Each structure stands twice: as structure tokens, then as C-alpha cells.
Amino acid sequence: QVQLVESGGGLVQAGGSLRLSCAASGRTFSSYAMGWFRQGPGKEREFVAAISWLGGNTDYADSVKGRFTISRDSAKNTVYLQMNSLKPEDTAVYYCAGKRFGGTSRVRERFDYWGQGTQVTVSS
């Protein structure tokens with residue numbers, strides 16, 4: 001069993017930066033692919049970024065490519081999402097997710113564990 005706790009959300013002006021963290025409990029965290037998803041007001045939860053269990057492979061939604069960076073520190077059982085050049089349309093609740101088997105995925109149903117989410121609000 002893995003528990004995920006996100007932090008680092010907040011209010012930021014457009015063009016600013018935030019770094020989200022996802023702290024995981026459980027000995028098998030390092031063998032999981034991890035992802036970030038987000039859900040804006042009135043929208044479906046959508047894929048943002050994912051990273052393989054060794055960290056060698058990353059994947060990004062087109063809307064964030066070049067602005068966001070996902071990384072992981074297995075020694076700290078933590079996954080990060082560095083968000084730069086934030087836009088008002090990035091406003092959402094951001095969720096961390098863990099996937100037990102296989103590599104990265106953009107499909108939320110393939111992730112087995114979810115955090116409670118952290119709110120990111122970008123003002124114009």
C-alpha cells in the first residue's frame with residue numbers, strides 16, 4: 001500500500017513558478033511509475049506529466065511541455081513537479097498518482113494510488 005501526500009500549491013501571478021511535491025509512504029515507491037494530473041473547474045481530470053520508476057523516461061502533456069518538469073528523488077520517496085511560466089489556464093487541483101506495473105502512462109485509470117490534491121491558482 002502506498003499513500004501519497006501533495007504539497008506546494010498556492011496562489012501565483014501569471015508568469016510565476018511553483019514547485020509541487022508528492023511524498024510517498026511505502027517501501028515499493030521506487031518501483032512505481034509516477035504521474036501528475038490536474039482537474040480545473042468544471043473539467044475532467046487530465047494528464048500533466050509522468051516519470052518512469054528509474055526516472056529515465058518522462059512524458060508531458062503538450063500544454064505544459066517546455067514549462068513543467070517532473071522529477072523524482074527515490075531516496076526521499078518524493079516526486080516533484082516544477083512549474084514555470086504559469087498561465088491562468090493552469091489553475092486546477094493537482095494530483096499525484098502512482099502506477100504499480102509497467103511504464104509511464106497518460107491514462108488515469110491505469111494509476112493505482114492517488115493523493116488528495118493540492119490547489120494551484122494562477123491570477124492574470
Inset, instruction - Could you tell me what percent of the accessible area of the chain is made up of carbon and sulfur, with a 1.4 Å probe and every protein chain present? - result: 46
Legend entry - Charge sum, other residues only, whose C-beta stays under 13 Å from D112's C-beta, Lys/Arg counted +1 and Asp/Glu -1: +3
Legend entry - Under 5 Å, built H, 5+ apart or other chain: amide partners of V120: G10, A92, V93, Y94
Inset, instruction - Show the residues, 5+ positions off or on another chain, whose built amide H is closer than 5 Å to the amide H of A33. - result: W53, K99
Legend entry - Net charge over other residues, Cβ less than 15 angstrom from the Cβ of V12 (K, R count +1; D, E count -1): +2
Legend entry - Spin-label zone in the range 56-96 - amide nitrogen under 18 Å from a point set 7 Å from the Cα of V5 along the C-beta vector: 73-81, 94-96
Legend entry - List D112, D62, ordered by accessible area with a 1.4 Å probe, largest first: D62, D112
Inset, instruction - Name all residues of the range 79-99 having a backbone nitrogen under 14 Å from the label point set 7 Å from the Cα of Q119 along its Cα→Cβ direction, giving them as ranges. - result: 91-94
Inset, instruction - Sort L54, L86 by accessible area with a 1.4 Å probe, largest first. - result: L54, L86
Inset, instruction - Give the accessible surface of the chain per residue, rounded to a whole number of Å², with probe radius 1.4 Å and ligands, DNA and RNA excluded. - result: 52
Legend entry - Accessible surface ranking that places the most exposed of W53, W36, W114 first, with a 1.4 angstrom probe: W53, W114, W36
Inset, instruction - For every other residue with a beta carbon closer than 14 angstrom to the beta carbon of G102, add +1 if it is Lys or Arg and -1 if Asp or Glu, then tell me the sum. - result: +1
Inset, instruction - Report the charge-dipole magnitude of the chain in Debye, nearest 20, computed about the Cα centre from +1 at each Lys and Arg Cβ and -1 at each Asp and Glu Cβ. - result: 200
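The values are calculated or read from the model by the stated rules, or taken from the named source; none is laboratory data. Quick caveat: nothing in here was measured; it's all calculated off a predicted structure. When we count neighbours, we look across all protein chains shown, and the Cβ atoms used for this are built from the backbone with ideal geometry, even at glycine. With ligands, DNA and RNA removed, areas are computed over all heavy atoms of the protein, side chains included. Shrake-Rupley method; radii C 1.70, N 1.55, O 1.52, S 1.80 Å.
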